[in-house]
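Below: the structure, in structure tokens.
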Amino acid sequence: MERTFLMVKPDGVQRGLMGEVIRRFERKGFQMIGCKFLLPTVEQAKFHYAEHEEKPFFGDLVDFITSGPVLAMVWQGDQIIELSRMVIGKTKITEALPGTLRGDFALHTNRNVIHGSDSPESAEREIHNFFKEEELVSYRKLI
Ligand code: CMP
């Protein structure tokens, strides 16, 4: 079983898409094991996007992600990292296909509703930027 970090970004929260995002991941069969509604600090934002530090859009990324509350979540499931990125859609908005969250709801690459981890290493780093291990729920699926 794999786990990943998913975050509804400020644009997704303000457009009322939190329920839609959760619905699509539940519908797919994944399990939520952690959830927080919070305003990220600048430190959390910089740590979260550290790999983009040298990019010209880094400042905008940090400003944007700290501009309003986000829904930070941890989800688990078989191959969830690869599969959740299919539910989310491509980062570049002209490549995000209809039927994906970004394909259906986003118009701009820098306002693309949701973030999902791209590797197990990123997932662990991103999860621990927002959650303590003891805040995650461990449970067995009954159905
Ligand atoms: P996310 O999955 O959160 O990871 C990095 C983010 O950087 C990405 O979503 C986009 O929102 C943003 N991003 C990627 N490429 C660009 C770009 N060329 N211009 C502006 N923002 C970008």
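Points worth noting:
- With the simple model of a label 7 Å out from the Cα in the direction of the Cβ, Lys28 to Glu134 spans 3.1 nm.
- The count of lysine pairs in the chain that are at least 8 places apart or cross chains, and whose C-alpha atoms lie under 27 Å apart, stands at 24.
- Pair-distance distribution P(r) for the stretch 69-143, from all Cα-Cα distances in 10 Å bins starting at 0: 17, 43, 32, 8 percent.
- Where only C-alpha atoms are counted, convex hull volume of the stretch 29-105 per residue in Å³: 121 Å³
- Mean projected area (nm²) of the alpha-carbon convex hull when the stretch 1-67 is viewed from all directions: 5.5 nm²
- Gap separating the Cα centres of the stretch 76-91 and the stretch 1-47, nearest whole Å: 13 Å
- GluC sites (Glu not before Pro) lying in DSSP loop within the stretch 52-87, provided at most 15 other Cβ fall within 10 Å: Glu53, Glu54
- Modelled FRET efficiency - R0 30 Å, Asp104 with Leu39, Cβ distances, 0.05 increments: 0.70
- For the stretch 2-135, the extents of the C-alpha atoms along the principal axes are 38, 36, 25 Å, listed from largest to smallest.
Every number in this text was worked out from the coordinates using simple rules, so none of it is lab data. The shown structure was predicted, so the numbers you read here are calculated from the model rather than taken from an experiment. Here the Cβ is made from the backbone with ideal geometry for all residues, glycine too, and neighbour counts use every protein chain on show.
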